[in-house]
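The values are calculated or read from the model by the stated rules, or taken from the named source; none is laboratory data. In this text the structure is predicted, and so the values were computed from the model without any measurement. Neighbour counts are summed over all protein chains in view; Cβ atoms, including those assigned to glycine, are modelled from backbone coordinates with ideal geometry.
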Amino acid sequence: MRKKIKRVFARIINGKQLIGFEIANQSRVVFLTGSNVKQNTNLEVYEVEMLTDSFIKPIYYKQNETMFNGKVCTKDDIIIKDFWITMVPDNYEEFKEENSHKLMPFRKIKQIFTFTRNGKVNCGIKNINDDVVFVTEKRLSALTNLDSSEFHILEGSFINPSFYEDGEIMANGSKCYGTNKIVKELNLRFLGNINQMHENFENSEPKYYISNANHSYDSSYEIYGGPGDGYGGHLDDDFINDVLGGHPDAYWNID
């Protein structure tokens, strides 16, 4: 029996991205890969929210049933065996038009660069609009399960960051001073799985990343400044110091 989709979201856990479906009259969330969803709907990973109010019919493995990986299922109705998504309306072009208001403002990542300041490695993530968000290497590595030498494969993926507001209490209990400075939720959407992103990067001709040349040990951040950098204006030293020094372990999420 097909069930109405109440909410669609993405999660990245230990470098693996899953698309979650909250379903009417069911407490358990259905998780699928981005590839699963695209094969079934032809939607990109940054478009999955449009499936809210459509329908899904999940089929689960039963206890003692042999699964696709050859293992035996130990519990009923936990692991997805197959699924069908019915888009509403079912015409693809009409679906895209009628559900476009559900899209979130994701932007493609244009460049990932790293730089060292006061002995700490930090990362800048620039989107195609040349807006830049800064996070520590530690946080980006923990989220993506990538070594800093692999961050470049995130180019071509998508980002929609949100920030703490002035006066808002942050994850560690302290108060945020300033707006659009400290990342609250990074909101990444992977272009594919890790292997696919490596392959995509290797098959492309990157215009912005040059191996062994995307890391700077400059004592000033001014080289990253300029008009139209967004998320707080010009990227001067004071601004970036506030971002990276104000709360280096601020909470991040994927949603």
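The single condition among (1) in contact (Cβ under 8 Å) with a residue 60 or more places away in the chain; (2) not assigned by TED's automatic domain parsing to the domain that holds Ser27 that Asp147 does not meet is (1). Residues of the range 176-191 that are in a loop (DSSP other than H, G, I, E, B), within 11 Å of the chain's Cα centre (by Cα) and not aromatic (Phe, Trp, Tyr): Leu186, Asn187, Leu191.
The number of residues in the range 31-56 being at pLDDT 95 or above and either part of a strand (DSSP E or B) or farther than 27 Å from Phe158 by Cα (or both) comes to 2.
If the condition is being among the charged types (D, E, K, R) and assigned to a loop (DSSP other than H, G, I, E, B), then the range 80-136 contributes Asp90, Asp130, Asp131. Do you know which residues across the range 150-177 are touching a strand residue (DSSP E or B) at 6+ places or on another chain (Cβ under 9 Å), small (Gly, Ala, Ser) and touching a residue at least 12 places away in the same chain (Cβ under 8 Å)? Gly156, Ser157, Ser162, Ala171 - these are the residues of the range 150-177 that are touching a strand residue (DSSP E or B) at 6+ places or on another chain (Cβ under 9 Å), small (Gly, Ala, Ser) and touching a residue at least 12 places away in the same chain (Cβ under 8 Å). Considering the conditions (1) closer than 27 Å to Leu186 by Cβ; (2) surrounded by 13 or more Cβ atoms within 10 Å (Cβ to Cβ); (3) touching a residue at least 24 places away in the same chain (Cβ under 8 Å), Val88 is excluded by exactly one of them, (1). Regarding Thr136, is this residue at negative phi and either in contact (Cβ under 8 Å) with a residue 60 or more places away in the chain or in contact with a strand residue (DSSP E or B) (Cβ under 6 Å, 6 or more places away or on another chain) (or both)? Yes, satisfied.
Working only within the range 134-157, note down all residues that are β-branched (Val, Ile, Thr) and either within 11 Å of Gln111 (Cβ to Cβ) or surrounded by fewer than 22 Cβ atoms within 10 Å (Cβ to Cβ) (or both).
The answer is Thr136, and nothing else.
Sub-9 Å Cβ pairs linking a first residue in the range 1-30 that is part of a strand (DSSP E or B) to a second residue that is among the hydroxyl-bearing types (Ser, Thr, Tyr) and at pLDDT below 95, at least 6 apart or interchain, are Ile12/Thr144; Lys16/Thr33; Gln17/Thr33; Leu18/Thr33; Ile19/Thr33, ordered by first then second residue. Any residue that is at pLDDT 95 or above and either among the hydroxyl-bearing types (Ser, Thr, Tyr) or in contact with a Lys or Arg (Cβ under 6 Å, 6 or more places away or on another chain) (or both) - is there at least one of those in the range 2-12? Checked the range 2-12: no residue is at pLDDT 95 or above and either among the hydroxyl-bearing types (Ser, Thr, Tyr) or in contact with a Lys or Arg (Cβ under 6 Å, 6 or more places away or on another chain) (or both).
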